[in-house]
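What follows is one structure encoded as structure tokens, with my remarks underneath.
The values are calculated or read from the model by the stated rules, or taken from the named source; none is laboratory data. Nothing here was measured: the structure is a model prediction, and the numbers come from that model. Quick reminder, even Gly has a Cβ in these numbers, built from the backbone with ideal geometry, and neighbours come from all protein chains shown.
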Amino acid sequence: MRFGVVVFPGTWSDRDCGWVIDQVLGQELTYLWHKDTDLKGCDCVILPGGFAYGDYLRTGAIARFAPIMEQVGDFADRGGLVWGICNGFQVLCEAGLLPGALIRNASLEFRCEWTNLLVERTDLPFTSKCGDREVIRVPIAHGEGSYFADPATLSRLEQRGQVVFRYCDSQGRVVPAANPNGSMHNIAGIVNARGNVLGMMPHPERCSEAELGGTDGLKLFRSAAEGALKVLVS
Amino acid sequence: MIARVIITPKPVVNDPQGLTVKQGLASLGFREVTDVRVGKYIEVNIEGSSEHEARRRVEEMCRQLLANHVIEDFRFDIEQEHKRR
């Protein structure tokens, strides 16, 4: 099982993701440079957090033209696991691999804090190790994480159950007070219709060891490690 | 030729920057302000081509990169460049 972590100029969460994969999970790890034109046999590709290409023009707007992104798109089309975290989620939306967009937080503040997430799908390769409607604690760190989609797209997402994570309180109640950025329907993460491309604003790689204050993020990495194997088998 | 592109958040998109600027203007006494939207302004210099062709190309640029159709609207003017000294 090999994870590939994409590195754009301006990416900074690549080493954190790499640490979890390599040191905590003991899985094979390859960094994929934005100019690379092949995925080096990776079974799961992670687009990590940061400010790819300085977030010039819009978050993720330039990153989507990177040579590696063509491979990532093909890989996703073939059913490969693609996982965008924070800036990676923004890149996936700009690339059209996920619907909607991430806009400026309603508060205009950069929010760096712990959030509670209600896990609404556990049948996905990314969340199989989570309990049904489990509440997990995962930190966020972003200025532009307010999820937006037009009403038709939003209702399609809801009808198809493509909302994977929703900001909630510690009891799992999806309430406005638990929404850190003004996201529509408290959306923190979505998946494509096929279920192999996940985008989420919170950072599971920052809560995968007890020393960091929580280990809920590790459930997602463990799920992906197992999920990618199933994809290979099928 | 120069294309002057203006990009604005779609009316349905929440624009916290615009709201904040509106509040700032109100606190300065500009009570007549009913709405503020904050967008982007981009100048694109273009070589050769007719104005008609330039217009078609800039439209494509907006669709493919300059604006995100999910959240933004765009409009632009094309001007013949002023003669350089």
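Remarks
- When A:127, A:215 are screened for being polar (S, T, N, Q) and under 22 Å from residue A:73 (Cα atoms), only A:127 passes.
- Every residue from the range A:29-53 that is outside any loop (DSSP other than H, G, I, E, B), without any contact (Cβ under 8 Å) to a residue 60 or more places away in the chain and under 26 Å from residue A:144 (Cβ atoms): A:31, A:32, A:33, A:45, A:46, A:47, A:50, A:52, A:53
- From the list B:12, B:33, the lone residue that is facing chain A (nearest Cβ under 9 Å), part of a loop (DSSP other than H, G, I, E, B) and among the aliphatic types (A, V, I, L, M) is B:12.
- The range B:36-54, subset of a type in the set (Val, Ile, Thr) and closer than 25 Å to residue A:181 by Cα, residue farthest from the other protein chains (Cβ to nearest Cβ): B:36
- Of A:193, A:224, A:228, all but one fail to be outside any strand (DSSP E or B), under 16 Å from residue A:46 (Cβ atoms) and at pLDDT 95 or above; the exception is A:224.
- Complete set of residues in the range A:1-28 that are surrounded by fewer than 17 Cβ atoms within 10 Å (Cβ to Cβ), outside any loop (DSSP other than H, G, I, E, B) and without any contact (Cβ under 8 Å) to a residue 40 or more places away in the chain: A:15, A:22, A:23, A:28
- From the options B:56, B:31, B:37, B:63, residue that is in contact with a helix residue (DSSP H, G or I) (Cβ under 9 Å, 6 or more places away or on another chain) and loosely packed, with under 14 Cβ neighbours inside 10 Å: B:31
- Across the range A:170-183, the number of residues qualifying as surrounded by 12 or more Cβ atoms within 10 Å (Cβ to Cβ) and either under 19 Å from residue A:112 (Cβ atoms) or within 16 Å of the chain's Cα centre (by Cα) (or both) comes to 6.
- The range A:118-149, residues that are among the small types (Gly, Ala, Ser) and without any contact (Cβ under 8 Å) to a residue 60 or more places away in the chain: A:131, A:143, A:145, A:146, A:149
- Qualifying position, being of a type in the set (A, V, I, L, M, F, W, C) and in contact with a His (Cβ under 7 Å, 6 or more places away or on another chain), among A:95, A:106, A:52, A:66: A:66
- Positions within the range A:80-121 being among the small types (Gly, Ala, Ser) and either more than 23 Å from residue A:4 (Cα to Cα) or within 14 Å of chain B (Cβ to nearest Cβ) (or both), in sequence order: A:95, A:96, A:100, A:101, A:106, A:107
- Filter result for residue A:167 (within 14 Å of chain B (Cβ to nearest Cβ), crowded, with 21+ Cβ neighbours inside 10 Å and assigned to a strand (DSSP E or B)): no
- Of the residues in the range A:184-197, at least one is in contact (Cβ under 8 Å) with a residue 12 or more places away in the chain, surrounded by fewer than 21 Cβ atoms within 10 Å (Cβ to Cβ), within 14 Å of chain B (Cβ to nearest Cβ) and under 19 Å from the mean Cα position of the chain (by Cα).
- Selection within the range A:29-53: residues that are charged (D, E, K, R) and surrounded by 15 or more Cβ atoms within 10 Å (Cβ to Cβ). The member of this set that is farthest from residue A:76 (Cα to Cα) is A:36.
- If you filter the range A:67-117 down to residues that are more than 24 Å from residue A:186 (Cα to Cα) and touching a residue at least 60 places away in the same chain (Cβ under 8 Å), you find that the one that is surrounded by the fewest Cβ atoms within 10 Å (Cβ to Cβ) is A:79.
- Within the range B:63-83, tally of residues that are within 12 Å of chain A (Cβ to nearest Cβ) and not charged (D, E, K, R): 8
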